[in-house]
Structures are given as structure tokens and as C-alpha cells.
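The values are calculated or read from the model by the stated rules, or taken from the named source; none is laboratory data. Everything numeric here is computed off the predicted structure, so don't read it as measured data. Positions of Cβ are backbone-derived with ideal geometry, glycine not excepted, and every protein chain shown enters the neighbour counts. What goes into the accessible areas is simple: the full protein's heavy atoms, side chains included, and nothing from ligands, DNA or RNA. Shrake-Rupley method; radii C 1.70, N 1.55, O 1.52, S 1.80 Å.
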Amino acid sequence: MSRRILLALLIGALATGAVGCEDTKSGSPTTSSGTTAAQALFNPCTGIPDDALRSAGVDPATEEAGIAGVPQSGWEICNWEGPKYFVSVFSTARTVAEFEKKPGNIEFRDVTVAGRVGRQFKVEGASKNLLCDVVFAARQGAVQLRVSNKATISSPEDPCVILNRVGGSTVPLFPH
């Protein structure tokens with residue numbers, strides 16, 4: 001249970017309070033980026049095969065959808081655990097620009113992971129140095145890759161270095 005609580009706290013920094021609100025004025029729900037909520041999002045739980053997860057250093061059997069198993073409206077989220085870190089993939093109709101405007105998302109910079117350009121950032125707070133996030137633009141909106149070092153590991157590796165390694169097997173599977 002403590003793994004779920006830790007994971008929920010780390011992932012919740014982004015997904016709960018998300019990047020935009022739904023607008024229902026026109027009758028059909030849309031995100032603030034204007035994409036219909038009914039549009040199919042990339043589902044990382046089904047879109048990333050087990051061999052890619054093992055290459056990323058996580059155990060496919062630890063798969064957990066949502067945040068602590070709870071689906072989040074407007075998102076497809078999947079998490080996996082490895083010996084020293086968690087890997088999470090968030091899929092949304094929100095745009096990279098909306099991520100950049102969200103209070104608490106800081107230190108944005110351009111990066112290339114597995115040949116794909118994205119925007120690396122950190123989330124303010126106590127877990128800032130345990131996490132690394134990169135968000136990639138996609139037709140649907142964006143796909144975000146997060147590496148979360150386990151707080152119990154002494155002398156953890158830089159999560160952005162891990163993310164670059166993990167991205168080698170996962171990012172090529174993300175939609176463009």
C-alpha cells in the first residue's frame with residue numbers, strides 16, 4: 001500500500017489539477033485546447049509492449065492504470081515499477097503550451113529523446129529532484145513520460161538520465 005501512496009503523491013503533482021479545464025458551453029465536452037473529449041487518446045497500458053517495458057527497466061507485471069488505480073478524466077495514464085524507479089506515461093488532449101502555463105511546472109528546456117524533440121521540465125515541490133518529465137507534442141495533444149526515483153533509494157541516479165535511457169524503448173511507440 002505504501003508504494004501506491006508514494007506513486008499517487010508523485011504522479012498527482014501533475015495529473016490532479018491538470019493543465020486545463022473542460023468546457024461544456026457548446027454542449028459537447030472539450031478540453032481547453034479545443035479537442036473533443038470523445039477523441040481517442042493513446043493508451044500507454046495497451047500501446048507499450050512488455051518487451052519495451054523490460055528494456056526500460058520496469059516490470060510489466062506491476063502495471064497500474066490511472067493514479068493509484070483510479071482513472072483520471074481527460075487522461076490515459078499507466079505506471080510501472082522497477083527496482084529503483086517508477087515509469088509513468090500520461091496521454092492527454094492538452095497541449096505542450098498548456099503544460100508550460102501550469103503553475104508548478106518549471107525549468108522547461110528542449111531535449112531530444114530517442115530522436116524525438118520534447119520539452120523537459122520539473123514539478124516544484126519536495127519531490128522535484130526525484131522526478132523528471134518530458135512532454136511530446138502529438139496530434140491528440142501531448143504524451144508525457146515521467147521517471148520517478150524511489151525515495152527509499154540512497155544515492156539515486158539523476159532521473160533525467162534515466163528518462164533518456166527509458167525513452168529509447170518507449171518514446172518511439174508514442175503517437176506523433
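Listed by chain and number, the lysines whose alpha-carbon sits under 18 Å from that of LYS150, ignoring those within fewer than 8 places in the same chain, are LYS84, LYS122, LYS128. Residue-wise HN-Hα couplings along the stretch 137-154, as the Karplus relation 6.51 cos²θ - 1.76 cosθ + 1.60 with θ = phi - 60° gives them from phi, are 5, 8, 3, 6, x, 7, 10, 10, 10, 10, 10, 10, 5, 6, 5, 7, 7, 7 Hz; Gly and Pro carry x.
Residues ILE67, ILE106 ordered from highest to lowest accessible area at a 1.4 Å probe: ILE106, ILE67. In the context of the full set of protein chains, the stretch 108-176 has a per residue accessible area of 43 Å² (1.4 Å probe). Between amide H atoms placed 1.01 Å from N, distances below 5 Å from GLY125 occur with no residue 5 or more places distant or on a separate chain. Solvent-accessible surface (1.4 Å probe) assigned to GLU107 amounts to roughly 100 Å². Computed with every protein chain present, the accessible area of ASP50 is close to 80 Å² [probe 1.4 Å]. As an exercise, identify the trypsin sites (Lys or Arg not before Pro) in the stretch 118-176 lying in DSSP coil whose Cβ has no more than 12 other Cβ atoms within 10 Å. Those that pass, being in a loop and sparsely packed, are ARG139. Just the protein heavy atoms count here, and of the accessible area of the stretch 108-150 at 1.4 Å, carbon and sulfur take up 45 percent. Between the amide H of VAL113 and those of GLY118, distances stay under 5 Å, these residues lying 5 or more places away or on another chain, with hydrogens modeled in the peptide plane.
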